[in-house]
Amino acid sequence: MDEFALSRIQFAVNITFHILFPTITIALGWLLLFFKIRFHTTRESKWMELYFFFTKIFALTFSLGVVSGVTMSFQFGTNWPGYMNTVGNIAGPLLAYEVLTAFFLEATFLGIMLYGFKKVPAWLHTLATSLVAIGTTLSAFWILVLNSWMHTPAGHIMIDGVAHVDNWMEVILNPSMPYRLLHTLASSGLTVAFLTAGLLAYRYLNNDRRLAVTSGLRVTILAAVILAPLQAFLGDLHGVNTREHQPQKLAAMEALWESENGAPMVLFALPDEEAKENKFEIAIPKLASLIATRDLNGHIRGLEEFEGNHPPVAPVFWSFRIMVGVGFLMIAVSFAAGYLVVLKRTYPKLTLKILVAMTFSGWVATIAGWYVTEIGRQPWLVQGILLSKDAVAELPPSHVGLTLFVYCATYATLLIAYIGALYYLSKKEISTQFQLA
């Protein structure tokens, strides 16, 4: 493999590992704030028991997110220098805004949130928790502004092959940013809902039946009941935006080779890119057009219109179906668990085991969705501005292969340790030793 393919794989490994942790911390910060406010309004200790338990998970997750994010950013210089050379005037300030407005906020008040419960007034500790939650969301905002701009560039001018800002508001509010931001935030919320419900169900199955566990289960399952269908709705809006601004990505998602009115929704197929056809196709007539255009006979552009300028079909096609499939499974599980746990207030063993099995289902959907987004942009690194092959550094393939191996080994070890730590914490008794404030 050449340095281009190896560098792409290496960055994919880094972003795959990194995104696991922000997708938890973004929403978990707000859940912690909810627990804190519930404690102050009810004075019931169960809410602080939940707060302290999930604060440990937040701290562990935040630290891994920071470290993996720093490692990932190094690759802009080591493997992809053409990226900053071409769009650094836009990417640089956006990344700086993320550090100045979000990371500093999180880092400053995280210490108070973790260690200041008995050392500062109650209002200040709650404020610190809220500022950490705001910081994680601001961080997501700036990163998604940059990522969305790479998909739907706006507000810039090109001078001698280099992008310069013409209008910052157009850069920030580029056409896909609102949809991508809301879709990602809802994804984080749904990921955390299933993560926390799964860990609490694991505690319940290990004979911890205290109010903290049962109340936490009801809250997190109810969050999943609300967020799962909301995420499907937001994903649908994002898909319509994709049809307008990145039609080649939509064509790859649907494995639609020829432009047509009343395009079918392909449920299953084996896309053959060489033959430009789908083998063993199972499809629902006209459904793709109805979803994407709101018209049974709506026109969807096929891959034939983007010869040499469309993403690899099979990875995008299958990633999209994994994302949607897991999403519908989450809707079904959340509704069933919501009926039993929230409404009936019963905790059937089978339901709890399913929740434990679904603990990390949000990760699967998030990674699949991210692959749809990022692979779906290829062959462009920045749509219409910079091709991926024009940004890669000329490095010896053996050097890239060595660092790729080290990354894979390190990340696999850290991921196993992280998951093991979560279940270890879930087996321990939740501490009730705290001073009411």
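The values are calculated or read from the model by the stated rules, or taken from the named source; none is laboratory data. Nothing here was measured: the structure is a model prediction, and the numbers come from that model. Cβ: placed from backbone, ideal geometry, glycine included. Neighbour counts: every protein chain shown.
Listing for the model above:
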read-out: Residue count, the stretch 332-360 (criterion: surrounded by fewer than 18 Cβ atoms within 10 Å (Cβ to Cβ), farther than 24 Å from Tyr418 by Cβ and either aliphatic (A, V, I, L, M) or in contact with a strand residue (DSSP E or B) (Cβ under 7 Å, 6 or more places away or on another chain) (or both)); value: 6
read-out: Sole residue being farther than 23 Å from His151 by Cβ, out of contact with any Asp or Glu (no Cβ under 9 Å at 6 or more places or on another chain) and surrounded by fewer than 20 Cβ atoms within 10 Å (Cβ to Cβ), chosen from Pro264, Pro285; value: Pro285
read-out: Identity of the residue in the stretch 210-234, under 16 Å from Leu340 (Cβ atoms), of a type in the set (A, V, I, L, M, F, W, C) and over 18 Å from the mean Cα position of the chain (by Cα), that ends up modelled with the lowest pLDDT; value: Val213
read-out: Selection count, the stretch 343-394, where residues are in contact with a His (Cβ under 7 Å, 6 or more places away or on another chain) and of a type in the set (S, T, N, Q); value: 1
read-out: Criterion: closer than 21 Å to Ser139 by Cβ, surrounded by fewer than 21 Cβ atoms within 10 Å (Cβ to Cβ) and aromatic (Phe, Trp, Tyr) - qualifying residue of Phe58, Phe34, Phe54; value: Phe34
read-out: Lys344 among the charged types (D, E, K, R) and without any contact (Cβ under 8 Å) to a residue 60 or more places away in the chain; value: yes
read-out: Hits in the stretch 381-402 - residues which are among the hydrophobic types (A, V, I, L, M, F, W, C) and surrounded by fewer than 20 Cβ atoms within 10 Å (Cβ to Cβ); value: Ile385, Leu387, Ala393, Leu395, Leu402
read-out: Residue pairs meeting the criteria (Cβ under 8 Å; at least 6 apart or on separate chains; first under 14 Å from Gly362 (Cβ atoms) and among the acidic types (Asp, Glu), in the stretch 222-237; second part of a helix (DSSP H, G or I) and modelled with pLDDT under 95); value: none
read-out: Candidates Trp318, Trp363, Trp370, filtered to the one that is surrounded by 14 or more Cβ atoms within 10 Å (Cβ to Cβ), in a helix (DSSP H, G or I) and touching a strand residue (DSSP E or B) at 6+ places or on another chain (Cβ under 9 Å); value: Trp318
read-out: The stretch 63-80, residues that are closer than 25 Å to Thr108 by Cβ and either polar (S, T, N, Q) or in contact (Cβ under 8 Å) with a residue 60 or more places away in the chain (or both); value: Ser63, Leu64, Ser68, Thr71, Met72, Ser73
read-out: Cross-chain or 6+ apart pairs with Cβ under 9 Å, the stretch 33-47 first and over 13 Å from Leu127 (Cα atoms) and at pLDDT below 95, then aromatic (Phe, Trp, Tyr) and assigned to a loop (DSSP other than H, G, I, E, B); value: Ser45/Phe434
